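Heads up: the structure comes next, in structure tokens.
Readers should treat all values here as calculations from the given coordinates under stated rules, not as data from a laboratory. A quick note: this is a predicted structure, and the numbers were derived from the prediction, not measured. Cβ placement follows ideal geometry from the backbone for every residue including glycine, while neighbour counts extend to all protein chains displayed.
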Amino acid sequence: MTDQDPQYYEKYSPSNDHSPLDRWARSPYLSWANALACLASAQMAIRQVPGFPAPVYSLGFATAFGLAGYVTHQRDYENGAGSATAWSLTWLALNTSRAWRTKQWQALTVLGIIGSTGFIYGRRYFNL
């Protein structure tokens, strides 16, 4: 869909919000929170706290989430939500078992942040 498509504006219009989560899905701050969580996990991985991915991977995910937030900030809500959802699902697929096995509260906190924001963006992107 392009910016000129009326369905695009109808889908992401504030008047089409069905829950408070829909309003949050139009915000770039959740993607940026994921980026900060990934930066924190890079720092924890450098300190060798178990349950975190390697610092290089965390920095890559932080960059991806930061760019998804930028896209959302530019009012391209569909691509921003889609990018944030895709990167959240990728992070969860690669790191959930590691964080869950260690039972470290820091790793579980990052897991919760990325999982919940992925749910919010994904709910809006897939019209659930």
Discussion item. Taking 2.2 N^0.38 Å as the expected size of a compact globular protein, what ratio does the Cα radius of gyration of the chain give against it, to two decimals?
Written reply: 1.10
Worksheet item: Tell me, I114, I120 in order of fewest to most beta-carbon neighbours within 10 Å?
Response: I120, I114
Worksheet item: Okay, helix-only estimate at 222 nm for the chain: each DSSP H run of n ≥ 4 adds -39500 (n - 2.57), divide by all residues, round to 500 deg cm²/dmol; what do you get?
Response: -24500 deg cm²/dmol
Worksheet item: What ranking do V56, V49 get, fewest neighbouring Cβ atoms within 10 angstrom at the top?
Response: V56, V49
Worksheet item: Label 7 Å along Cα→Cβ of L108; region 29-63 residues with amide nitrogen under 18 Å?
Response: 41, 49-53
